[in-house]
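J.: Take this structure first; my questions come after.
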Amino acid sequence: MKKADIGLTPKQTEILAGILEPLLADEFLLYLKTRNAHWNVEGADFHTVHVYFEELYTELETIVDEVAERIRKIGHYAPATMKEYLKLSHLSEERPVKNDSLSFMKDLLSDHDEIIVYLRESISKIEDEVPLAYGTSDYLTSLMEQHETTAWMLRSHLK
C-alpha cells in the first residue's frame with residue numbers, strides 16, 4: 001500500500017495509529033456492550049431504556065466507522081477482529097450481574113468515563129509528539145465532547 005503523503009512522517013503516523021487503534025477497540029467494545037444492554041435490559045422502565053440504548057449504539061456505530069476511517073486516512077489498516085480488539089481495548093468485557101437499567105448504565109458510564117480520560121491523554125500526546133496532526137486532534141476533541149455528553153446523561157439518570 002502506498003503510504004499517505006499528508007505532511008506527516010511515517011513515525012508520526014505510527015504514533016497516531018498507536019493512539020487510534022486502541023480507541024477503535026474501545027469504541028467497538030462499548031458498542032457491543034451497549035447492544036447487549038439494549039437486547040437484555042429488563043424492568044419497569046424497559047421500553048424507555050431500550051429505546052435510549054438503541055440511540056446510544058447507533059451513535060457508537062457511526063463512531064466506530066469514523067475511527068476506522070481516520071486510521072485509513074493516515075495510511076494504516078484498521079484492526080477488525082475481536083481478538084485484536086480485546087488485546088487493544090482498555091475496557092473490560094465483563095457484563096453487569098443484573099439486567100436492570102441501573103446496572104447497565106453504571107457499567108456503560110464507567111466505560112464512557114474511561115474513554116474520555118484516554119481521549120484527553122491522547123490529545124495531549126498528539127500536541128506534544130505530532131503537533132501538525134490537526135485533523136486527528138480536532139476529531140478526538142469532538143469525540144471527547146460526544147462521550148462527555150453521553151456520560152452526563154447516564155450520570156444524571158443514576159442520581
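J.: Return a yes/no flag: does the stretch 35-45 have any residue that is of a type outside the set (Phe, Trp, Tyr), surrounded by fewer than 13 Cβ atoms within 10 Å (Cβ to Cβ), without any contact (Cβ under 8 Å) to a residue 12 or more places away in the chain and at negative phi.
T.: Yes; the residues of the stretch 35-45 include at least one that is of a type outside the set (Phe, Trp, Tyr), surrounded by fewer than 13 Cβ atoms within 10 Å (Cβ to Cβ), without any contact (Cβ under 8 Å) to a residue 12 or more places away in the chain and at negative phi.
J.: Still on this structure, please answer the following. Restricting to the stretch 127-159, name every residue that is closer than 26 Å to residue 6 by Cβ and either hydroxyl-bearing (Ser, Thr, Tyr) or not in a helix (DSSP H, G or I) (or both).
T.: Correct list: 130, 131, 132, 133, 134, 136, 137, 139, 141, 142.
J.: Select, from 89, 103, the only residue that is within 11 Å of the chain's Cα centre (by Cα), among the hydroxyl-bearing types (Ser, Thr, Tyr), surrounded by 14 or more Cβ atoms within 10 Å (Cβ to Cβ) and modelled with pLDDT of 95 or more.
T.: Criteria check complete, one pass: 89.
J.: Still on this structure, please answer the following. Considering each residue of the stretch 65-86, count those that are among the basic types (Lys, Arg) and surrounded by 20 or more Cβ atoms within 10 Å (Cβ to Cβ), and give that number.
T.: Adding up the residues that qualify gives 1.
J.: Note down all Cβ pairs under 7 Å where the first residue falls in the stretch 94-109 and is within 16 Å of residue 31 (Cα to Cα), the second is at pLDDT 95 or above and in a loop (DSSP other than H, G, I, E, B), and they're at least six residues apart or on different chains.
T.: Note: pairs meeting the criteria are 104/41.
J.: Which one of these is loosely packed, with under 15 Cβ neighbours inside 10 Å, within 21 Å of residue 14 (Cα to Cα) and of a type in the set (S, T, N, Q): 142, 137, 124?
T.: From the options 142, 137, 124, the qualifying one is 124.
Yes or no, residue by residue, for (1) surrounded by 14 or more Cβ atoms within 10 Å (Cβ to Cβ); (2) farther than 21 Å from residue 149 by Cβ; (3) over 19 Å from the mean Cα position of the chain (by Cα); (4) not aliphatic (A, V, I, L, M):
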| site | (1), (2), (3), (4) |
| --- | --- |
| 9 | no, yes, yes, yes |
| 22 | yes, yes, no, yes |
| 28 | yes, no, no, yes |
| 49 | yes, no, yes, no |
| 57 | yes, no, no, yes |
| 63 | yes, no, no, no |
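J.: Within the stretch 106-148, work out how many residues are of a type outside the set (Gly, Ala, Ser) and more than 13 Å from the chain's Cα centre (by Cα).
T.: Of the residues in that region, 15 qualify.
J.: If residue 129 passes every condition in (1) in contact (Cβ under 8 Å) with a residue 40 or more places away in the chain; (2) buried (at least 19 other Cβ atoms within 10 Å of the Cβ) but one, which one does it miss?
T.: Only one criterion is unmet by residue 129, namely (2).
J.: Restricting attention to the stretch 101-159, which residues are of a type in the set (Phe, Trp, Tyr) and more than 22 Å from residue 69 (Cα to Cα)?
T.: Scanning the stretch 101-159 gives 104, 152.
The values are calculated or read from the model by the stated rules, or taken from the named source; none is laboratory data. Note that the coordinates shown come from a computational prediction; the quantities given were computed from them, not determined experimentally. So basically every Cβ, Gly included, is an ideal-geometry build from the backbone, and we count neighbours across all protein chains shown.
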